[in-house]
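Okay, structure first, notes after.
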Amino acid sequence: MEDDFLEQTKGRDIDLIVCSDAEQILGIGDQGVGIATAKSAIYTLLVGMDPSKTLSVTLDVGTDNEELLNDHLYVGWPHKRVRGDTYDIFIDK
């Protein structure tokens, strides 16, 4: 995963990274996936930041929403949300 991420950003001059795991965003949980992109857009509009120098990252660490876990059309990682030490180790990478 790290290698893929670095390969995708190679050669880009990035000034701002907005990163989220999409949990607890406005109380909408799994539906908050687009918030990192929206925050990048706000920085672009309000601060005048060059949008090509921003990077939005959403970390999919699963969901505890049973309805989504049982939905064959769910595009997220269909596993219980990773928490505790496993989550912390992943985030620290």
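Checking ALA41 against (1) modelled with pLDDT of 90 or more; (2) more than 22 Å from ARG12 (Cβ to Cβ), only one condition comes out false. Which one?
(2)
Do you know which residues across segment 61-75 are among the polar types (S, T, N, Q) and modelled with pLDDT of 90 or more?
Residue satisfying the conditions is ASN70 alone.
Identify the residue in segment 40-91 that is outside any helix (DSSP H, G or I) and aromatic (Phe, Trp, Tyr) and, among all such residues, is nearest to ALA22 (Cα to Cα).
My answer is TRP77.
Quick grid of which residues meet (1) surrounded by 12 or more Cβ atoms within 10 Å (Cβ to Cβ); (2) at pLDDT 90 or above:
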| site | (1), (2) |
| --- | --- |
| ASP3 | no, no |
| ILE14 | no, yes |
| ALA22 | yes, no |
| LEU26 | no, no |
| LEU59 | yes, no |
| TRP77 | yes, no |
| LYS93 | no, no |
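From the residues in segment 34-57 that are under 12 Å from the mean Cα position of the chain (by Cα) and not hydroxyl-bearing (Ser, Thr, Tyr), which one is nearest to VAL75 (Cα to Cα)?
Only one residue fits best here, namely GLY34.
The values are calculated or read from the model by the stated rules, or taken from the named source; none is laboratory data. This one's a predicted model, so the numbers in the text were calculated from it and none came from an experiment. Cβ atoms come from the backbone with ideal geometry, glycine included; neighbour counts cover every protein chain shown.
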